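The values are calculated or read from the model by the stated rules, or taken from the named source; none is laboratory data. Everything numeric here is computed off the predicted structure, so don't read it as measured data. Counting neighbours? That spans all protein chains shown, and the Cβs are built from the backbone with ideal geometry, glycine included. What goes into the accessible areas is simple: the full protein's heavy atoms, side chains included, and nothing from ligands, DNA or RNA. Shrake-Rupley method; radii C 1.70, N 1.55, O 1.52, S 1.80 Å.
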Amino acid sequence: MRDRTRGFSLLEAIVALTIVAITIMGAYAWVAGNIISLTRVRDLALEEAALQQALGALEQTDLGRQPAGSIQWREFRIDWQAEPIEATRPSRTGVGGTGRYDLTLYRVLLSVSSHERLIGTPELRMVQHSRSKKTQGTP
């Protein structure tokens, strides 16, 4: 007669392997989910940085003379188009007098793409100033 206290039975081994397999699959799903989340966060951070670069470039651009253009930053391409919302008007001083600058409000449409894939089309409004023609001779 055999001694049944030595080793595992086939059923016990199958149950143990099933528990180990389920645990490994759960750990794999958890790690894969974290990697996907980290990739999304990294992509969003890069997109935000690309938009900040575009805004910095747009602040230096005279939208009246150049109403459309494109900016390349890393793998991102930001196309923009600006149109004035209101007519140019003179600025005002604190006491209500005419200021030294003319102000124009622009509507700027952006198109952000990466690797030929459209990421987003944000819209923003920008105010730009230019030296008033009436005060260009004064310091």
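Simple point charges give the picture: +1 on the Cβ of Lys and Arg, -1 on the Cβ of Asp and Glu, and for the stretch 40-83 a dipole about the Cα centre of about 140 debye. Residue ranking by accessible heavy-atom surface, 1.4 Å probe, largest first, among MET126, MET25 comes out as MET25, MET126. If you take the alpha carbon atoms of the stretch 54-132 and fit the smallest convex hull around them, that volume is 88 Å³ per residue. Protein heavy-atom surface of the chain, 1.4 angstrom probe: 58% of the accessible area is carbon and sulfur, with nucleic acids and ligands not counted.
Per residue, the chain exposes 79 Å² of accessible surface when a 1.4 Å probe is rolled over the protein heavy atoms with every protein chain present. The computed log10 I(q)/I(0) by the Debye sum over Cα atoms at q = 0.11, 0.14, 0.16 Å⁻¹ for the structure shown corresponds, within [x] -0.39, -0.63, -0.82; [y] -0.64, -0.82, -0.93; [z] -0.51, -0.75, -0.91, to [y]. Would you please classify the overall shape of the stretch 2-56 from the alpha carbon gyration tensor, given that a ≥ b ≥ c denote the square roots of the eigenvalues, rounded means a/c under 1.5, and beyond that prolate means a/b larger than b/c while oblate covers the rest? Cα axes put the stretch 2-56 in the prolate bin.
Measuring nothing but how far apart in sequence close Cα pairs (under 8 Å, 6+ apart) lie, relative to its length, the chain scores a relative contact order of 15 percent.
Looking at the stretch 55-139, the trypsin sites (Lys or Arg not before Pro) that sit in a DSSP loop and have at most 16 other Cβ atoms within 10 Å of their own Cβ are ARG65, ARG74. In the context of the full protein assembly, THR61 retains an accessible surface of approximately 30 Å², using a probe radius of 1.4 Å and ignoring ligands and nucleic acids. A helix-only calculation puts the chain at -13500 deg cm²/dmol for mean residue ellipticity at 222 nm, using -39500 (n - 2.57) for each DSSP H run of at least four residues, averaged over all residues.
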